[in-house]
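As structure tokens, the structure follows; a few thoughts come after it.
The values are calculated or read from the model by the stated rules, or taken from the named source; none is laboratory data. Fair warning: this is a prediction, and the values are worked out from it, not measured in the lab. Here the Cβ positions follow ideal geometry from the backbone for every residue, glycine too, while neighbour counts run over all protein chains shown.
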């Protein structure tokens with residue numbers, strides 16, 4: 001289990017709750033250990049209380065082992081319930097501040113002209129991963145929309161086609177598609193050339209290609225993307241002229 005070092009407290013708490021659910025011990029973190037009765041009424045009540053205290057101390061000791069030594073001493077006298085409450089309260093403000101800082105960086109992360117699209121996607125993924133560790137889980141759709149909004153105008157054709165075909169991709173799936181599209185733009189050197197190639201594919205959808213003998217389908221499948229169709233489609237005159245320049 002990942003060690004608690006402060007800003008990862010949300011993930012640490014979530015992991016421990018998951019472990020305690022599996023072990024059947026989550027109840028130890030949901031309320032404080034009750035004070036034992038002052039007078040012995042039924043011996044079994046004391047026995048149950050002692051058993052509860054023993055279980056609580058074992059869980060507390062295991063939790064302390066996964067806390068960084070810098071903070072561990074502050075929680076040693078607490079039970080599991082008090083420990084989890086104290087961890088969440090202690091690091092709440094630092095986590096909120098760090099989360100706001102990452103959100104700001106993510107919003108400012110834009111693809112620069114001449115920069116690698118592959119590195120840019122990895123940077124976006126890294127920011128979203130940091131937000132997850134800080135307790136904020138961004139949906140797949142929001143992650144992809146954030147990525148697309150960060151691209152330059154030369155990716156407009158890719159974005160339009162992606163939205164038109166209503167594809168549902170993850171960031172990991174978008175990365176190779178954008179990398180391939182980037183290589184096509186570099187090869188044909190202009191947006192107008194790529195647009196001509198796209199128009200060619202659309203005109204010839206459901207028609208048999210003379211060069212390959214197979215049907216070029218405009219409908220996207222899991223492995224058939226707009227970038228791949230641009231790459232595989234026969235070159236129009238605009239493609240050839242741009243390549244000869």
Checklist entry - In region 1-10, which residues are out of contact with any strand residue (DSSP E or B) (no Cβ under 9 Å at 6 or more places or on another chain) and under 12 Å from residue 91 (Cα atoms)? => result 6, 7, 8, 9, 10
Next on the checklist: Checking the condition modelled with pLDDT of 90 or more and within 30 Å of residue 169 (Cα to Cα), which residue from 97, 113, 125 passes?
Outcome noted: 125
Next on the checklist: Given the options 148, 157, name the one that is surrounded by 13 or more Cβ atoms within 10 Å (Cβ to Cβ) and over 21 Å from the mean Cα position of the chain (by Cα).
Outcome noted: 157
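Yes or no, residue by residue, for (1) at pLDDT 90 or above; (2) surrounded by 10 or more Cβ atoms within 10 Å (Cβ to Cβ); (3) touching a helix residue (DSSP H, G or I) at 6+ places or on another chain (Cβ under 7 Å); (4) closer than 19 Å to residue 88 by Cα:
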| position | (1), (2), (3), (4) |
| --- | --- |
| 35 | no, no, no, no |
| 38 | no, no, no, no |
| 43 | no, no, no, no |
| 61 | yes, yes, no, yes |
| 64 | yes, yes, yes, yes |
Checklist entry - Can residue 74 be described as exposed (fewer than 15 other Cβ atoms within 10 Å of the Cβ) and part of a helix (DSSP H, G or I)? => result no
Checklist entry - Within the bounds of region 11-31, is there any residue that is modelled with pLDDT under 90, within 30 Å of residue 128 (Cβ to Cβ), in contact with a strand residue (DSSP E or B) (Cβ under 6 Å, 6 or more places away or on another chain) and in a helix (DSSP H, G or I)? => result yes
Next on the checklist: Residues to consider are 113, 89; find the one that is free of Cβ contacts under 8 Å to residues at least 40 places away in the same chain, surrounded by fewer than 17 Cβ atoms within 10 Å (Cβ to Cβ) and under 21 Å from residue 180 (Cβ atoms).
Outcome noted: 113
